[in-house]
Amino acid sequence: MKNLVFLIVFIGALIWFFLPERANFNTGQVDFDIAPIQTAASAGTFSFKGYTLTPLADFTVSARVLSKSIYRIDREAKLAPVDLVLGWQSMANLAVIDRIRISQSNRFYHWYTDNFPIPRNDIETQSANMHMIPSSDEIENQLKALPNNVSVRLTGFLVSITAADGWNWRSSMTRSDTGHGACEVFYVTGIVVGK
């Protein structure tokens, strides 16, 4: 009997740990035919969860969610519990992305294709892995609940982060880079899901 009770509690804990909370979304039109919009930062440096965040640019991206990964145990998870692979323009087209295999691991985004449906440069410049820093619990729940293939508009800041112990994390500032350091570190203040 003790083993059965332990098993039920253990399974319940696993479900609670891995199941995202329900989220209510604002809905609206999302035009992912445009590239992400990056402008001069409108906010100054601020403290967040024991870290110092410096906005590098205001940022808005309208895109399709191509993949999502939730993190819980790395240092970055305290700030960015969700990474989203987002695609815009040609990389938001379902006929294109159906021919590309997408995966995420260790905060990286990988893609593979046997036959390029669009030029390689378009794949690399019209999609990105973005580390999402939710500005509130509600935004965190919404990010965790986003399904693949949904269209979404995210607003906020690309940021640089420092800690008292010298640790730092800095956003990419261009969509044309690839590899280590090419991800956006995105402090998210707003989410709209496409109708």
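The values are calculated or read from the model by the stated rules, or taken from the named source; none is laboratory data. Treat the numbers as computed from the prediction; the structure is a model and nothing was measured. A quick note on method: Cβ atoms are made from the backbone with ideal geometry, for glycine too, and the neighbour counts reach across all protein chains shown.
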Looking at (1) hydroxyl-bearing (Ser, Thr, Tyr); (2) within 17 Å of the chain's Cα centre (by Cα); (3) under 24 Å from Asp177 (Cβ atoms); (4) at pLDDT 95 or above, can you tell me which one Ser135 breaks?
(3)
If the Cβ limit is 8 Å and pairs must be 6+ apart or interchain, which residue in the stretch 103-114 that is buried (at least 16 other Cβ atoms within 10 Å of the Cβ) and assigned to a strand (DSSP E or B) pairs with which residue that is among the acidic types (Asp, Glu) and at pLDDT 95 or above?
Gln104/Asp83; Tyr109/Asp83
So which residues in the stretch 115-138 are closer than 21 Å to Thr189 by Cα, touching a helix residue (DSSP H, G or I) at 6+ places or on another chain (Cβ under 7 Å) and in contact (Cβ under 8 Å) with a residue 60 or more places away in the chain?
Ser127
Do we have any residue at all in the stretch 154-169 that's loosely packed, with under 12 Cβ neighbours inside 10 Å and among the acidic types (Asp, Glu)?
yes
Kindly list the number of the only condition in (1) more than 15 Å from Val85 (Cβ to Cβ); (2) surrounded by fewer than 21 Cβ atoms within 10 Å (Cβ to Cβ); (3) modelled with pLDDT of 95 or more that fails for Val150.
(1)
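Residue-by-condition table, conditions (1) modelled with pLDDT of 95 or more; (2) closer than 25 Å to Ala43 by Cα; (3) among the aromatic types (Phe, Trp, Tyr):
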| position | (1), (2), (3) |
| --- | --- |
| Ala57 | yes, yes, no |
| Arg64 | yes, no, no |
| Ser67 | yes, no, no |
| Leu79 | yes, yes, no |
| Asp83 | yes, yes, no |
| Asn93 | yes, no, no |
| Ser105 | no, no, no |
What number goes with the only condition from (1) in contact with an Asp or Glu (Cβ under 6 Å, 6 or more places away or on another chain); (2) touching a residue at least 40 places away in the same chain (Cβ under 8 Å) that Ser67 does not pass?
(1)
Out of all the residues in the stretch 156-183, which are out of contact with any Cys (no Cβ under 8 Å at 6 or more places or on another chain), closer than 19 Å to Gln126 by Cβ and in contact (Cβ under 8 Å) with a residue 40 or more places away in the chain?
Leu158, Met173, Arg175, Ser176, Thr178, Ala182, Cys183
From (1) without any contact (Cβ under 8 Å) to a residue 24 or more places away in the chain; (2) within 12 Å of the chain's Cα centre (by Cα), pick out the condition that doesn't hold for Val85.
(1)
Since Lys195 meets every condition but one in (1) surrounded by 15 or more Cβ atoms within 10 Å (Cβ to Cβ); (2) among the basic types (Lys, Arg); (3) in contact with a Ser or Thr (Cβ under 6 Å, 6 or more places away or on another chain), which condition does it not meet?
(1)
Could you go through the stretch 169-181 and let me know if any residue there is closer than 22 Å to Asn93 by Cβ, touching a helix residue (DSSP H, G or I) at 6+ places or on another chain (Cβ under 9 Å) and among the polar types (S, T, N, Q).
yes
